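See below for the structure under consideration.
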Amino acid sequence: MKNSHRVAALIPAAGSGTRLGESIPKAFVDIDGVTLLELSAAAARSSGVVDRLVVIVPAELESRAAQLVPDADVVVGGAERSDSVRAGLAAAADADLILVHDAARALTPPTLFAEVVDALSAGHPAVVPGIPVADTLKHVDADGTVLDTPDRAPLRAVQTPQGFDAALLRRAHAGGGDATDDAGLVEAMGVPVRVIAGDHLAFKITTPFDLTTARLLQEARR
Ligand code: C5P
């Protein structure tokens with residue numbers, strides 16, 4: 001059921017994606033003819049909880065993005081992910097709740113968007129999906145020598161969509177800081193961030209292995 005808030009989904013897609021090794025920016029790489037950007041926008045749209053889509057892209061791909069996602073507002077991103085999110089925030093002035101979703105998490109189930117919005121509507125100001133960590137993690141120094149081994153039980157690998165009360169996210173970004181995710185900026189303000197169950201399909205397509213995995217998963221779905 002549609003909640004009473006006005007929800008904007010910002011989709012940062014302005015990264016170059018050098019780790020993927022493709023000649024075009026990552027969000028414009030396709031899986032069987034459909035770009036990661038289109039897949040991510042479709043997931044947000046079909047969740048049924050998003051009122052407005054804002055996609056943030058490299059300047060040279062602005063008109064291409066407008067063709068691919070005609071129902072979205074398209075804005076030009078910045079040098080770092082946080083700069084791109086700030087560009088998106090400026091274009092979503094009327095939202096009560098904001099979801100930030102990496103274009104690179106192209107196979108994210110639409111239900112995850114709805115679950116994040118549910119948790120926001122229940123009163124949590126900041127909500128992120130996360131999954132337990134399967135590998136043992138090591139903290140290492142610059143030479144690769146292990147410093148310590150944190151207990152993995154309380155650790156979560158966090159994903160997107162990350163959801164926020166819009167005014168809170170604007171305050172978090174007002175200082176112009178940089179973080180690998182938006183929740184990091186909110187945490188720095190001392191505001192509690194709630195982790196809900198994530199989904200393995202929300203993995204970030206970063207490396208050629210991830211892209212192959214995504215292509216195989218899509219093939220298996222069909
Ligand atoms: O680089 P990373 O994989 O962490 O990027 C996560 C998401 O943020 C991607 O969808 C990417 O396109 C986007 N991004 C952006 N602007 C940047 C860097 C990354 O919109 N300057």
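None of the figures in this text is laboratory data; all of them are computed from the coordinates on show. Computed from a prediction, not measured in an experiment: that's the story for all the values here. Note that each Cβ is placed from the backbone with ideal geometry, even for glycine, and that neighbours are counted across all protein chains shown.
Okay, here's what the table says:
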{"item": "Ranked Lys204, Lys26, Lys138, criterion: other C-beta atoms within 10 Å, fewest first", "result": "Lys138, Lys204, Lys26"}
{"item": "Alpha carbon Rg of region 124-222, scaled by the compact-globule rule 2.2 N^0.38 Å", "result": "1.31"}
{"item": "Rg/Rh for region 1-130, where both radii come from Cα atoms and Rh is the Kirkwood radius", "result": "0.95"}
{"item": "The chain - mean residue ellipticity at 222 nm from DSSP helices (-39,500 (n - 2.57) per run, n ≥ 4, rounded to 500)", "result": "-9000 deg cm²/dmol"}
{"item": "5 angstrom amide H check on Gly198, placed H, neighbours 5+ away", "result": "Gly130, Ile131"}
{"item": "Positive-end extreme of charge dipole, the chain - chosen from Val193, Leu89, Thr108 (charges on Cβ)", "result": "Thr108"}
{"item": "Nearest-20 debye value, region 100-182 charge dipole, Cβ charges on Lys, Arg, Asp, Glu", "result": "220 debye"}
{"item": "Within a Gaussian network of the chain (alpha carbon springs, distance under 10 Å), most fluctuating of Ile196, Ile98, Ile11", "result": "Ile196"}
{"item": "Given charges at beta-carbon only (K, R positive; D, E negative), |dipole| of the chain in Debye", "result": "380 debye"}
{"item": "All-pairs alpha carbon distance profile, the chain, 10 Å steps from 0, percent", "result": "8, 33, 37, 18, 3, 0"}
{"item": "Candidates Val128, Val34, Val54, ranked by Gaussian network fluctuation over the chain, Cα under 10 Å, top entry", "result": "Val34"}
{"item": "Mean separation of Cα contacts under 8 Å (6+ apart) over length of the chain, as relative contact order %", "result": "24 percent"}
{"item": "Most fluctuating residue given options Phe203, Phe113, Phe164, as computed from a GNM of the chain linking Cα atoms under 10 Å", "result": "Phe203"}
